[in-house]
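Contents: one structure, followed by commentary.
The values are calculated or read from the model by the stated rules, or taken from the named source; none is laboratory data. As the structure is a computational prediction, the values presented were derived from the model and not from experiment. Reconstructed Cβ throughout: ideal geometry from the backbone, glycine too, with neighbour counts over all protein chains shown. Only protein heavy atoms, including side chains, enter the accessible area calculation; ligands, DNA and RNA are left aside. Shrake-Rupley method; radii C 1.70, N 1.55, O 1.52, S 1.80 Å.
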Amino acid sequence: MEQTFILLSFGPDGWGDEIAFGVLVTIGLAFATLPLGLIAGFFLSLAKQSDEKTLRMAAEVYTTIFRGLPELLTLFLVYYGLQIGIRQLLLALGIETTFEINSFLAGMIALGVVFSAFCSEVFLSAFRAIPAGQYEAGSALGLNRFQTMFNIILPQLIRIALPGLGNLWMILLKETALVSVIGLPDILRQAGIAARVSKEAFLFYGIACLLFLALALLSSIMINRIERHVERSGIRV
Amino acid sequence: MSFAKQLIAPQRPPPPAPRPWTISRFAGLSLMAIWILVAIGVILFLTAEWDPEKVAKYAPKYFSGLGVTLTLVSISIILGAIASVPVALGRMSNNPLLSMPAFFYVYFFRGTPLIAQLFLIYYGLGEFRHALDSIGLWGFFREPWNCAILAFTLNTAAYQAEILRGALQSVPRGQHEGAKALGLSRFHTYWKVIIPQALIVALRPYGNEIILMIKGSAIVAIITVFDLFGETRRAYSRTFDFQAYIWAAIFYLIIVEGLRNLWNAMEKRLTRHLKR
């Protein structure tokens with residue numbers, strides 16, 4: 001028992017500080033990916049309801065590909081593909097370097113791409129829940145398209161999409177664990193290193209699971225709070 | 001009095017006005033052009049790098065990996081479906097001694113990443129080697145394949161229990177009362193009235209769960225099970241040829257899209273009596 005406390009302490013003998021750093025990396029990656037995925041997903045959902053057939057098709061191809069590929073494979077495609085691609089590009093320009101992409105950046109791009117594909121579906125169904133009268137009212141008030149979108153549609157859209165986005169956030173949080181495979185020092189990787197060094201695999205992987213559980217619990221509390229905050233207008237959607 | 005003696009001859013309609021070059025049209029055409037270029041690039045890359053020797057060596061491995069993936073997913077989905085029934089019943093029970101453990105089980109397996117659960121079982125249980133040895137289970141937990149099946153079954157049982165619970169609770173109470181009024185026994189109420197209606201609701205979530213499992217099963221490659229992704233990684237580490245990953249992507253896309261379309265067709269067929 002005492003042995004366990006020493007192993008988990010924040011000191012030179014303990015792994016507490018390393019794992020705490022892993023928690024920060026996991027949270028940081030999830031928060032860095034979120035805006036990327038949200039913005040891309042928003043534009044994708046706009047493209048999917050466009051009058052232009054080509055635009056709709058381009059967005060559908062994107063969603064089909066990144067919804068169908070395993071996240072781990074997307075991660076490897078981005079990680080190795082970008083490295084090879086940029087190296088070849090630099091080689092074509094006559095520069096020979098050993099370019100290595102940061103695993104944080106690769107994780108951010110891969111998870112962001114996957115997130116945006118799922119997020120566009122959430123936004124799309126939220127768009128469909130907004131009656132056409134809202135757009136008409138916007139133009140009756142003399143607002144242009146951007147003003148209608150940002151002042152009338154978007155506030156309602158976010159409120160409708162919030163439960164779906166909350167689910168996607170939970171999925172994103174869990175998917176960050178995959179980035180440990182390409183060497184990002186997140187919770188799982190730090191726990192793995194600790195497990196290998198201390199030979200206490202069950203303890204450290206158990207701690208990693210509990211930390212993810214704590215993050216999920218914390219997120220669900222925060223999401224509930226945000227939902228209650230946006231519903232304070234009392235208008236049910 | 002004058003009147004028109006001759007009707008105006010029928011005319012062709014005017015030519016349609018040229019479609020304006022809006023931003024969305026420009027964006028759509030250019031994005032589509034990018035996708036077509038990507039597709040052409042991938043095809044050119046795959047044909048330029050086509051090496052009969054490599055294909056002869058690795059194609060059978062890819063197919064065996066595909067078989068491993070599909071076997072793994074089918075076994076875990078079926079075992080998970082069986083395990084999900086008591087969990088769902090526990091979740092719906094009024095007795096806290098049954099509902100609390102079921103709740104924590106579901107919360108744990110849905111709240112943590114599948115890869116962490118897999119590591120917990122594969123690496124974590126290895127630590128209890130002597131204890132497992134003494135009850136004769138070490139042979140089971142030594143094999144990564146068994147650990148993968150166990151982790152996936154436990155994980156999908158939690159998700160499927162929630163699907164089942166949601167579906168069973170979506171059947172209106174009047175159906176239970178109606179069955180009771182007809183004097184049906186509890187078994188017949190469920191077997192003939194509730195479950196057929198619940199399964200239609202559960203059909204789509206079940207399909208999504210299978211697709212999620214196929215995608216999620218790629219992580220077994222990390223604990224040295226040679227599924228489709230494991231074979232891909234092995235082929236890449238031996239050849240350093242990026243087309244290994246592209247072929248894996250093509251395989252996965254075909255499976256997932258095929259399954260999705262199959263499921264849509266099945267749902268359309270099974271719900272045809274609900275169409276108005």
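What list of whole percents do you get for P(r) of the range B:89-230, with Cα-Cα distances grouped in 10 Å bins up to the one holding the largest distance?
Cα pair-distance distribution for the range B:89-230, in percent: 11, 29, 29, 19, 10, 2.
Would you mind giving the three semi-axes, in whole Å and largest first, of the ellipsoid equivalent to the protein assembly as shown according to its Cα gyration tensor? Walk me through the numbers on the way to the answer.
Numbers: eigenvalues 376, 233, 131 Å².
Over the Cα atoms of the protein assembly as shown, the semi-axes work out to 43, 34, 26 Å.
Considering only protein heavy atoms, with the full assembly of protein chains and a 1.4 angstrom probe, order A:205, B:122 by accessible area, largest first. Before the final figure, lay out the partial values.
On the way: A:205 15, B:122 55 Å².
Highest to lowest solvent-accessible surface, that is B:122, A:205.
Given the protein chains as shown and a 1.4 Å probe, how many square angstrom of residue B:188 are accessible, to the nearest 10?
80 Å²
Mind listing, in residue-number order, the residues in the range A:188-223 that have at least 50 Å² less accessible area with every protein chain present than in their own chain alone (1.4 Å probe)?
Residues losing area: A:188, A:202, A:205, A:209, A:213.
Computed on protein heavy atoms with a 1.4 Å probe, what is the summed buried accessible area for the chain pair B and A, in Å² to the nearest 100? Mind dumping the intermediate values first?
On the way: alone 18410 and 14030 Å², together 28720 Å².
The B and A chains share an interface burying roughly 3700 Å².
With just the Cα atoms defining each centre, how far is the range B:195-215 from the range A:1-65? Give it in Å.
So the two Cα centres are separated by 26 Å.
Going by Cα centres, the range B:242-262 and the range B:50-112 are how many Å apart?
Their Cα centres are 19 Å away from one another.
Nearest 500 deg cm²/dmol is fine: what mean residue ellipticity at 222 nm does the protein assembly as shown get from its DSSP H runs of n ≥ 4 alone, each adding -39,500 (n - 2.57), divided by its residue count? Don't skip to the answer; put the middle values down first.
Details: 20 runs with 375 residues, N = 513.
So the helix-based figure for the protein assembly as shown works out to -25000 deg cm²/dmol.
Sort B:45, B:104, B:109, A:146 by accessible area with a 1.4 Å probe, largest first.
Values: B:45 70, B:104 120, B:109 25, A:146 150 Å².
Heavy-atom accessible area, descending, gives A:146, B:104, B:45, B:109.
Quote the accessible area belonging to residue A:180 in square angstrom, nearest 10, computed with a 1.4 Å probe and with ligands, DNA and RNA left uncounted.
For residue A:180, solvent-accessible area is about 10 Å².
Quick one: what are the phi-derived ³J(HN,Hα) couplings along the range B:130-139, Karplus 6.51/-1.76/1.60 with θ = phi - 60°, whole Hz, x for glycine and proline?
Calculated HN-Hα couplings, in order: 5, 5, 5, 4, 5, 9, x, 9, 5, x Hz.
In the range B:189-230, whose amide N lies under 14 Å from the spot 7 Å out along Cα-to-Cβ of residue B:89? List them in ranges.
So the set is B:190-191.
Could you compute Rg(Cα) / (2.2 N^0.38 Å) for the range B:184-276, with N its residue count? Mind showing how you got there, number by number?
Details: Rg = 19.6 Å, N = 93, 2.2 N^0.38 = 12.3 Å.
Expressed relative to 2.2 N^0.38 Å, the Cα Rg reads 1.59.
Give the Kirkwood hydrodynamic radius (Å, one decimal) of chain B, defined as one over the mean of 1/r across all pairs of different Cα atoms.
Numbers: mean 1/r = 0.0423 Å⁻¹.
Evaluated over chain B, this radius sits at 23.7 Å.
Would you work out the relative contact order for the range B:107-245, in percent, from Cα pairs under 8 angstrom that are 6 or more residues apart? Intermediate results must be reported in sequence, preceding the final value.
Numbers: 93 pairs, mean separation 29.5, N = 139.
Contact order relative to length: 21 percent.
Counting other C-beta atoms within 10 Å, and keeping those with at most 16, which DSSP coil GluC sites (Glu not before Pro) do you find in the range A:56-163? Can you show the working numbers first?
Details: sites: A:60, A:71, A:96, A:100, A:121, A:136; in loops: A:96, A:100.
Answer by residue number: A:96, A:100.
Can you classify chain A as rounded, prolate or oblate using the Cα gyration tensor, where a ≥ b ≥ c are the square roots of its eigenvalues, rounded means a/c under 1.5, and otherwise it's prolate if a/b beats b/c and oblate if not? Spell out each step's value before the answer.
Details: a/c = 3.04, a/b = 1.47, b/c = 2.07.
Oblate, since a/c reaches 1.5 and b/c is not below a/b.
In the range B:1-87, which trypsin sites (Lys or Arg not before Pro) fall in coil by DSSP and have 12 or fewer other Cβ atoms within 10 Å?
Details: sites: B:5, B:25, B:54, B:57, B:61; in loops: B:5.
Listed in order of number, the matching sites are B:5.
Quick one: accessible area per residue over the protein assembly as shown, 1.4 Å probe, rounded to a whole number of Å²?
On the way: 28720 Å² over 513 residues.
So the protein assembly as shown comes to 56 Å² accessible per residue, rounded to a whole number.
Under 20 Å from the Cα of residue B:54, which aspartates and glutamates turn up, not counting those fewer than eight places away in the same chain?
B:227, B:231, B:241
Could you sort out which of A:199/B:215; B:61/B:215; A:174/B:215; B:192/B:268 sit more than 24 Å apart by Cα distance in this structure? Intermediate results must be reported in sequence, preceding the final value.
Working: A:199/B:215 31 Å; B:61/B:215 19 Å; A:174/B:215 14 Å; B:192/B:268 21 Å.
Pairs exceeding 24 Å: A:199/B:215.
Heavy-atom accessible area of residue B:153 with all protein chains present, probe 1.4 Å, nearest 10 Å²?
20 Å²
Hey, what did chain B get for relative contact order, percent, Cα under 8 Å, at least 6 apart? Don't jump to the answer; show the numbers that get you there.
Numbers: 206 pairs, mean separation 62.8, N = 276.
Contact order relative to length: 23 percent.
Between residue B:275 and residue B:33, what's the calculated FRET efficiency when r is the beta-carbon distance and R0 is 56 Å? Round to 0.05. Present the calculation step by step, with values, prior to reporting the outcome.
Values: r = 39 Å, r/R0 = 0.70.
Efficiency, rounded to the nearest 0.05: 0.90.
Ignoring the sites themselves, what is the longest stretch of chain A with no trypsin sites (Lys or Arg not before Pro) in a DSSP loop and at most 13 other beta-carbon atoms within 10 Å? All intermediate terms of the calculation are to be shown ahead of the outcome.
Values: sites that count: A:199, A:236.
Counting at most 13 other Cβ atoms within 10 Å as exposed, the longest clean stretch of chain A is A:1-198.
What FRET efficiency comes out for residue B:42 versus residue A:92 if R0 is 22 angstrom and r is the Cβ-Cβ distance? Round to the nearest 0.05.
0.75
Applying 1/(1 + (r/R0)^6) with R0 = 22 Å to the Cβ-Cβ distance of residue A:210 and residue A:6, what FRET efficiency is obtained, to the nearest 0.05?
Numbers: r = 19 Å, r/R0 = 0.85.
Approximately 0.75, to the nearest 0.05.
Calculate the tail of P(r) for the range A:17-146: the fraction of all Cα-Cα distances greater than 20 Å, expressed in %. Numbers along the way, then the final one.
On the way: 5080 of 8385 pairs.
Cα-Cα pairs of the range A:17-146 separated by over 20 Å account for 61 percent.
Please tell me the relative contact order of the range A:2-233 in percent, rounded to the nearest whole number, where contacts are Cα pairs under 8 Å and at least six residues apart.
Numbers: 230 pairs, mean separation 59.5, N = 232.
Once normalised by length, the contact order is 26 percent.
With springs connecting C-alpha atoms under 10 Å apart, model chain A as a Gaussian network and identify which of A:185, A:163, A:70 has the largest mean-square fluctuation.
With Cα springs under 10 Å in chain A, the top fluctuation among A:185, A:163, A:70 is at A:70.
Which order do you get for B:47, A:26 if you rank them by accessible area with a 1.4 Å probe, largest at the top?
On the way: B:47 90, A:26 0 Å².
These residues rank, largest area first, as B:47, A:26.
Determine the gain in length on full extension of the stretch residue B:267-residue B:204; use 0.36 nm per residue of separation and subtract their C-alpha separation, reporting nm with one decimal.
That pair, residue B:267 and residue B:204, stretches by 21.9 nm at full extension.
Expressed as an acute angle from 0 to 90° and rounded to the nearest 10, what is the orientation of the C-alpha long axis of helix A:201-230 relative to the principal long axis of chain A?
The helix A:201-230 is inclined about 20 degrees to chain A.
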